[in-house]
Amino acid sequence: MSLFRLSNHIFNLGLDSQELIVYAYLCSLPASSFTLHGAAVISVKQRTIAANCGIRSPVTVSNTVDRLREKGLVDYLERNKKANGHRGTYCYAVIKQQTDSGFFTVDRHVFGMLVPRQMLVYLFLCKSFSTVLYDCWNSYNDIAEQIGMKREAVVKTVRELVRLGLIVRMQHRSKENRRVFVDNHYSIVRFEVRHIRAKMPKMLQTAKSDARILIFHPAALCRICPEVRSAVWGSP
C-alpha cells in the first residue's frame with residue numbers, strides 16, 4: 001500500500017519545512033521494531049533521507065534530525081558495527097503522533113519529487129482534502145496563514161505542484177458575475193500503479209488514443225511507471 005497516515009496535529013508541532021519533510025519521511029518508512037516506549041525503530045542512511053527529501057547535503061539532514069531530537073520527535077539509537085569495524089546505517093527512534101483524533105493520508109511516491117517548501121504546501125492540501133467531497137478549497141491567503149509562508153510563495157508552489165501533476169487546480173466562477181473567478185479548489189492526484197500495471201498487456205496492444213484513456217493524470221503516473229510512458233508516448 002503506497003498510502004500512509006499522518007496526524008492532523010503535525011502542523012501544530014512548530015516544524016519548519018525541512019523538519020516537516022524529514023519527519024514525514026521517517027514516519028512513512030516501515031518500522032523494524034518498536035522501543036519499550038512505543039517509538040518506531042527506523043534504519044535509513046542520511047544520504048537516502050537527503051535524496052528523498054529534496055535536501056542537498058547529508059550534513060543538513062543531520063542538523064535537521066538534531067532539531068527534531070530537541071523537540072522530542074526523533075532520537076538516535078546505537079548503530080550496529082559491521083564485520084570490518086565500520087559503523088552501520090543510522091538507526092532512529094521515531095515518535096509518531098497519534099492518529100486517533102484525526103489523520104490524513106499521503107502517497108509515499110511523492111518523496112523524491114519535492115523540495116521542503118513544496119512538501120509543506122502539499123501536506124497541508126492533503127490535510128485539507130475531503131475524502132467525502134474529493135475536494136479542498138483553501139484560498140492562497142488561508143494556506144499562507146496556516147503554514148507561515150508568504151502568499152507569493154504559496155502561489156508559486158501551487159503552480160509547481162500542478163505542473164508536477166500532484167494536484168489539480170479548479171477555479172470556480174462567482175455567482176453574481178460569471179466573468180470573475182472567486183475560489184480555488186484542489187484535488188489530490190493519487191498514484192494508481194497497481195491498477196495501471198494490471199492494464200499493461202492491453203495497453204501495449206491498443207492505439208495511443210485508447211491507452212491515454214486509462215490514465216487519470218499522465219504527468220503523475222508516468223513519472224513512476226516507465227512502462228506506461230513508453231506505451232503511450234513511445235520510448236524517450
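The values are calculated or read from the model by the stated rules, or taken from the named source; none is laboratory data. It should be emphasised that the depicted structure is a prediction, and the values quoted were computed from it without experimental measurement. Methodologically, a virtual Cβ is constructed for each residue, glycine included, from the backbone with ideal geometry; neighbour enumeration extends over all protein chains shown.
Just a few scattered comments:
- Test: residue in the stretch 104-123 that is among the acidic types (Asp, Glu), out of contact with any Pro (no Cβ under 9 Å at 6 or more places or on another chain) and in contact (Cβ under 8 Å) with a residue 60 or more places away in the chain: yes
- Whichever residue in the stretch 72-106 is charged (D, E, K, R) and at pLDDT below 90 and, among such residues, is surrounded by the most Cβ atoms within 10 Å (Cβ to Cβ): Arg79
- Residue in the stretch 142-151 that is on the phi < 0 side of the Ramachandran plot, at pLDDT 90 or above and of a type in the set (Gly, Ala, Ser) present: yes
- Top-ranked residue of the stretch 1-35 - restricted to ones that are part of a loop (DSSP other than H, G, I, E, B), more than 16 Å from Gly72 (Cα to Cα) and over 14 Å from the mean Cα position of the chain (by Cα), ranked as modelled with the lowest pLDDT: Met1
- Residue list for the stretch 54-88, filter: in contact (Cβ under 8 Å) with a residue 12 or more places away in the chain, out of contact with any helix residue (DSSP H, G or I) (no Cβ under 9 Å at 6 or more places or on another chain) and within 19 Å of Cys27 (Cβ to Cβ): Gly72, Leu77
- When the stretch 43-90 is filtered for residues that are closer than 20 Å to Leu13 by Cβ, in a loop (DSSP other than H, G, I, E, B) and β-branched (Val, Ile, Thr), only Ile55 remains.
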